[in-house]
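Working notes, beginning with the structure itself.
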Amino acid sequence: MDVRSLLERLWQDYAALNPQAGKIHALLAALGERIVNDHVALRGIDDPRLCLERLARPFVAAGYRVGGEYEFREKKLRARHYQPPESDLPLVFVSELRLAECSSELRAIVTALLDQLPDGFGEREDLPVAGRPWQVRFSEYEALCAESEYAGWVAAFGLRANHFTVRVNALQRFGDLVELDAFLVRIGFALNDAGGRIKGSAVVYLEQSSTLAEPVEVEFSDGVRRIPGCYYEFARRYALPSGELYTGFVERSADRIFESTDRR
Ligand code: NI
């Protein structure tokens, strides 16, 4: 699958699940902004069928290269970002849960989900947007969330974009993240204040903020429940001393951004 088609499918799926993102996108477009997508984020599990490398495969095949490695010890996650082959394509940020570091209870639930994967699932060309390939009970989702909100999110939503990101540098009407955040709050969006509304600073060449994931209806095998879906992120990048724009990620900021999908 062509990587631009894959990105378009990821966006369509994400916007359909999260009306919030489509609304913000439309509001900015109505102000005359041309929205540049800074990065798209994918979540996986370190099983060979759903691992980081597997999710990144269609992007690597299209010429994306590893740009940085990240670790989130407390959340039992590892992540990587990939640099696009062409500057108008977004960065791709892929993470995975390290099962060996989780409790045996969590592993048992996740293993039961993985056991439901159809043959050849991990080989799908559209794996990053394959959706949820298993049935899961709400009680299992809750048990996963109690230990790892990340695991709960993956169990409930499966394979799809966790978030897209507006690159603030490319906006004309908003000089910085403070102005954009104020605009979003004024029109009624809730932002993630964990660790401060704006994560990072010019010193680390990256500032990020994000909405709180809005509750969406999810069908569990024992009924429909409303749980946090996806969020929309906003990133302002700064130029390195070399003059080039910083294209990496900052662990301490990303660590708190992950919490945008936590239950509240
Ligand atoms: Ni992000």
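Across 165, 111, the residue with the most accessible area heads the list, and the full order at a 1.4 Å probe is 111, 165. Potential lengthening of the chain between residue 252 and residue 31 amounts to 76.3 nm, from the contour at 0.36 nm per residue minus the alpha-carbon distance. Between residue 183 and residue 71, full extension at 0.36 nm per residue minus the direct alpha carbon distance yields a gain of 37.1 nm.
Largest to smallest in accessible area, the residues 25, 81 fall in the order 25, 81 (1.4 Å probe, all protein chains included).
A crude spin-label estimate for the pair residue 98 and residue 264, with each label 7 Å from Cα along the Cβ direction, gives 3.1 nm. Where both partners of a DSSP beta bridge lie in the chain, what percent of those bridges are antiparallel, to the nearest 5? Close to 75 percent.
Region 16-66 and region 217-232 have their alpha-carbon centroids 20 Å apart. Between residue 134 and residue 53, the C-beta separation translates, for a Förster distance of 22 Å, into a calculated FRET efficiency of about 0.55. The fraction of Cα-Cα pairs per 5 angstrom bin, counted from 0 for the chain, comes to 1, 6, 13, 18, 20, 18, 13, 7, 3, 1, 0, 0 percent, rounded to whole percents. Mean sequence separation of contacting Cα pairs (under 8 Å, at least six apart), scaled by the length of the chain, corresponds to a relative contact order of 21 percent. In this structure, the amide hydrogen of residue 42, modeled 1.01 Å from its nitrogen in the peptide plane, lies closer than 5 angstrom to those of 93, 94, 95, 162, counting only residues at least 5 positions away or on a different chain. Measuring only protein heavy atoms, the 1.4 Å probe finds residue 51 accessible over about 20 Å². Accessible area ranking (1.4 Å probe, heavy atoms, ligands and nucleic acids excluded), largest first, for 125, 96: 125, 96.
Considering helices alone, the calculated mean residue ellipticity of the chain at 222 nm is -9500 deg cm²/dmol, with DSSP H runs of length four and up weighted by -39500 (n - 2.57) and normalised per residue. Taking amide H as placed 1.01 Å from N in the peptide plane, the amide H of residue 220 sits under 5 Å from that of 225, each at least 5 places away or on another chain.
The values are calculated or read from the model by the stated rules, or taken from the named source; none is laboratory data. Here the structure is a predicted model, which means the values were calculated and not measured. Cβ: placed from backbone, ideal geometry, glycine included. Neighbour counts: every protein chain shown. Surface areas here come from the heavy atoms of the whole protein model, side chains and all, with no ligands, DNA or RNA. Shrake-Rupley method; radii C 1.70, N 1.55, O 1.52, S 1.80 Å.
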